[in-house]
């Protein structure tokens, strides 16, 4: 935007206060909406901006902007941009409207100078050490069509590569700002495996002590298993993978592309490569039963993954945003109770009311700050009187790397 001649002031409300002075002087106020939570948090800020500066043009951009186009425009937003938004955000259309450009862009290195110091953001914890974490992406979008994923309604199976030199230059500037660990935020790091490997090889050659983490589908962990050793050798500490469920029927409904057996195999492959798995789940779906929830917990215990799972992952309920492919399923249509605009999702109830109660109990337990193993045991007690499987060979908690901001959409 600065290259296009605009004067830009960045305000990150995750770590900074709202500035009336900045808003009052602005001709355009643009809100970045990459996730569901960010979009909900933006709604009251949009109202405040309109009060402080009613003449400002309002723009919302990012993944969740086009998914909630009608609602955002009802709040007074003039322009909504999704997809590869840079080409339009630099020259906002004079007329209002909704746009989802998908052209292949030649990216430039992000200018992060107007943001707060990296030390105010997420940190990596491992073996008693705390590292300042940076963030970048090597690709955007995804070539897969997982039914529950919010990327799919916007990108529809396409992904775009961020050029190699741009990624490395972005890492360099974050290292200069104090980053000692990098999170690669691609929806799937192995959407373009050749591109990904070239980047981490060059990354490691230039910064041999820098560590990183990535997100990769179970399906890709299996099909590109020969690359896992490369990740470990170049400084990867852990791999986040959206496992979602250990029930093959549920996995088929979510169109995840893997099975329970695939997940168990992936656990072994990562361990053999010296990589930590950080699995994420949708613990409560319309098809979750008390028995399947118990099985999820029991399997994680048997696989020595209790400390690998952020507690909130064992309490999350299926989120169905606007445009979701979940609406293609007849049994989902039979359960939804309409779209809640303020919550930005379709409300649904489980066919068994007891499962909704169990989900509420799990969320109350998982939402409290406590050691992961203690939270896990409380969740186990909700569904079983049996003693939890014990493994004396468990790694100490400190040896398992994690970011202090839980990952979920």
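The values are calculated or read from the model by the stated rules, or taken from the named source; none is laboratory data. This is a predicted model, so every value here is computed, not measured. Reconstructed Cβ throughout: ideal geometry from the backbone, glycine too, with neighbour counts over all protein chains shown.
For region 241-263, how many residues are touching a strand residue (DSSP E or B) at 6+ places or on another chain (Cβ under 9 Å), surrounded by fewer than 22 Cβ atoms within 10 Å (Cβ to Cβ) and at positive phi? Result for region 241-263: 0. Under the condition of being more than 18 Å from the chain's Cα centre (by Cα), closer than 18 Å to residue 152 by Cβ and in a loop (DSSP other than H, G, I, E, B), the residues counted in region 324-348 number 1. Of the helices (runs of 4 or more DSSP H) lying entirely inside region 235-317, the ones with 2 or more residues being under 23 Å from residue 186 (Cα atoms) are found at 248-254, 260-273. One residue alone among 200, 154 is assigned to a helix (DSSP H, G or I), within 27 Å of residue 332 (Cβ to Cβ) and assigned by TED's automatic domain parsing to the domain that holds residue 224, and that residue is 154. Take the conditions modelled with pLDDT of 95 or more, under 30 Å from residue 43 (Cβ atoms), exposed (fewer than 15 other Cβ atoms within 10 Å of the Cβ) and touching a strand residue (DSSP E or B) at 6+ places or on another chain (Cβ under 9 Å) and apply them to residue 349. Does it pass? It is true that residue 349 is modelled with pLDDT of 95 or more, under 30 Å from residue 43 (Cβ atoms), exposed (fewer than 15 other Cβ atoms within 10 Å of the Cβ) and touching a strand residue (DSSP E or B) at 6+ places or on another chain (Cβ under 9 Å).
Residues in region 358-379 that are assigned to a helix (DSSP H, G or I) and either touching a strand residue (DSSP E or B) at 6+ places or on another chain (Cβ under 7 Å) or over 20 Å from residue 292 (Cβ atoms) (or both): 359, 364, 372, 373, 374. Count of region 83-108 residues, restricted to those that are surrounded by fewer than 16 Cβ atoms within 10 Å (Cβ to Cβ) and either closer than 17 Å to residue 57 by Cα or touching a helix residue (DSSP H, G or I) at 6+ places or on another chain (Cβ under 8 Å) (or both), is 11.
Specify which of the listed residues (266, 273, 229) is surrounded by 22 or more Cβ atoms within 10 Å (Cβ to Cβ), farther than 30 Å from residue 33 by Cβ and touching a helix residue (DSSP H, G or I) at 6+ places or on another chain (Cβ under 7 Å).
Details: 273 fails: surrounded by 22 or more Cβ atoms within 10 Å (Cβ to Cβ); 229 fails: surrounded by 22 or more Cβ atoms within 10 Å (Cβ to Cβ).
Criteria check complete, one pass: 266.
The condition of being surrounded by fewer than 21 Cβ atoms within 10 Å (Cβ to Cβ), farther than 30 Å from residue 346 by Cα and either touching a helix residue (DSSP H, G or I) at 6+ places or on another chain (Cβ under 7 Å) or assigned by TED's automatic domain parsing to the domain that holds residue 244 (or both) does not hold for residue 160.
Just checking, does region 307-314 include any residue being in contact with a strand residue (DSSP E or B) (Cβ under 7 Å, 6 or more places away or on another chain), over 22 Å from residue 254 (Cα atoms) and in contact (Cβ under 8 Å) with a residue 12 or more places away in the chain?
Taking region 307-314 as the starting set, the residues that turn out to be in contact with a strand residue (DSSP E or B) (Cβ under 7 Å, 6 or more places away or on another chain) are 308-309, 313-314.
Next, from what is left, pick out any that are over 22 Å from residue 254 (Cα atoms): 308.
Still in the list and also in contact (Cβ under 8 Å) with a residue 12 or more places away in the chain: 308.
Yes - at least one qualifying residue is present in region 307-314.
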